[in-house]
Every structure is written in structure tokens, then in C-alpha cells.
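What follows is one structure encoded as C-alpha cells, with my remarks underneath.
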Amino acid sequence: MNFINLIDYAGTFAFAISGIRLASAKQFDWFGAYVVGLVTAIGGGTIRDLLLNVTPFWMLQPSYVIITGLALLFVILLGKFVIRLSNTFFIFDTIGLGLFVVVGIEKSLDAGFPFWVVIIMGMITGSAGGVIRDILINEVPLIFRKDIYALACVIGGVVFYICYKLEFSSIITQLLSVGSIILTRILAVKYHISVPVLKGNSED
């Protein structure tokens, strides 16, 4: 197993927990929570693979289905502890976002696409699963709110590109890209940095 596989599995676990955590707040049953966690974990990567014209990754091995099950078990066993932490969702969602962006970038690079496409694919991989998750639980998708979310993915992609051009090692490049995304999200929340809201004329 190489480092990018470890990142992929870690991102799956983190994103699955973020989805299951939100499902628990909505009082979903275990199966419903599992479905939300699975969709969160595989949604972005599925859209990416369809756009890249390859078989969706989770259809080639059962690891992602199993990891989501482990995430559900983790929340069930440590439910009181996980739910008690008000920032649990943010932590796991941010970690999953950073990890999945790098996975999307690497897979798109391997497919031979130019870097502007690669960065977009990284953003889709990181954020699209969360969009589907939020729609399923009847929330306005996080990517469409003021939060620095998709923009953090772009920043991570740019950092990856710079490191790639400077010929850093693949592991260092991946870690710096993930770190930049996580740091961007944390700083944005801590200092209340957000994208300006587009205001329209309200109708009476």
C-alpha cells in the first residue's frame, strides 16, 4: 500500500464520520446514517471518475464500504464522546476535505490532464460528496454558504502545483497540499474570514 492509498482510506474514514455525525444530529437510524456516511465518502470521487471516464473507484474493491462501516461503528461505540464535541463535524470534514483533494489531484494527474483541470477535479473530489450529504439531510450545502470551503480546495491545488513544479518529493507535496487546506479552513473559521455574499433584490 502506497502513501496515496493511505491518504485515500484516511479521507474516507474522516468524511464518513462527518456524514454520520450530521445524520446522528438529524436522528437518522443506523442504516440511514451509514448511507449518508457512504455518500459523503464516495460521492466526490464517483463524480470525478465519471468525468475522467473510468470505473468509479469504490466499485473496484470493497474497502470503502467496509471503512464506512467502521466509521459507523466508531460513532456508535464512542457516540456520546463524539456528539458531545461541538467541533467534531468540522474536524473530520476538514481533514477529509484536505485528504480527498490530494487524491483527486493525483488521480487526475495520472490520467494526463492539464493542471487547471487537475485542480478542478481535486475540488470536486473534496467537496461534491459533502454537497450530496447536505442535500440528503435537507441542509443548504456547505460549499454554497459563506464558509471558505471550495476556495480552500483551490488553494490546496495551487500549493500542490507549486510543489510539483519545484520538484518536491511526492509525499512532501501531498502533505503540504493537505496542510494548506486544513490551515485555510481553520484560519477562516478562527478569524471569521468568509467569501462576500452576493446580495440580490428581495421581492415583496
Query raised in the report: If you take the residues of the stretch 105-154 that are part of a helix (DSSP H, G or I) and among the polar types (S, T, N, Q), which of them is farthest from the chain's Cα centre (by Cα)?
Result: SER108
Report summary line: Over the stretch 27-46, the set of residues in contact with a Ser or Thr (Cβ under 8 Å, 6 or more places away or on another chain), hydrophobic (A, V, I, L, M, F, W, C) and in contact (Cβ under 8 Å) with a residue 40 or more places away in the chain is ALA33, ALA41, ILE42
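Considering only helices (runs of 4 or more DSSP H) fully contained in the stretch 1-104, which possess at least 1 residues that are crowded, with 23+ Cβ neighbours inside 10 Å and of a type in the set (Gly, Ala, Ser)?
3-25, 30-51, 63-77
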Query raised in the report: Does ALA33 satisfy the condition of being modelled with pLDDT under 95, among the aliphatic types (A, V, I, L, M) and under 15 Å from ILE137 (Cβ atoms)?
Result: no
Report task. Name every residue in the stretch 135-188 that is among the β-branched types (Val, Ile, Thr), within 18 Å of ILE7 (Cα to Cα) and exposed (fewer than 13 other Cβ atoms within 10 Å of the Cβ), in order of residue number. Result -> ILE171, ILE172
Report task. Using the structure shown, decide if ILE162 is among the hydrophobic types (A, V, I, L, M, F, W, C) and not in a helix (DSSP H, G or I). Result -> no
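The values are calculated or read from the model by the stated rules, or taken from the named source; none is laboratory data. If you're wondering where the values come from, they're calculated on a predicted model, not measured in any experiment. Positions of Cβ are backbone-derived with ideal geometry, glycine not excepted, and every protein chain shown enters the neighbour counts.
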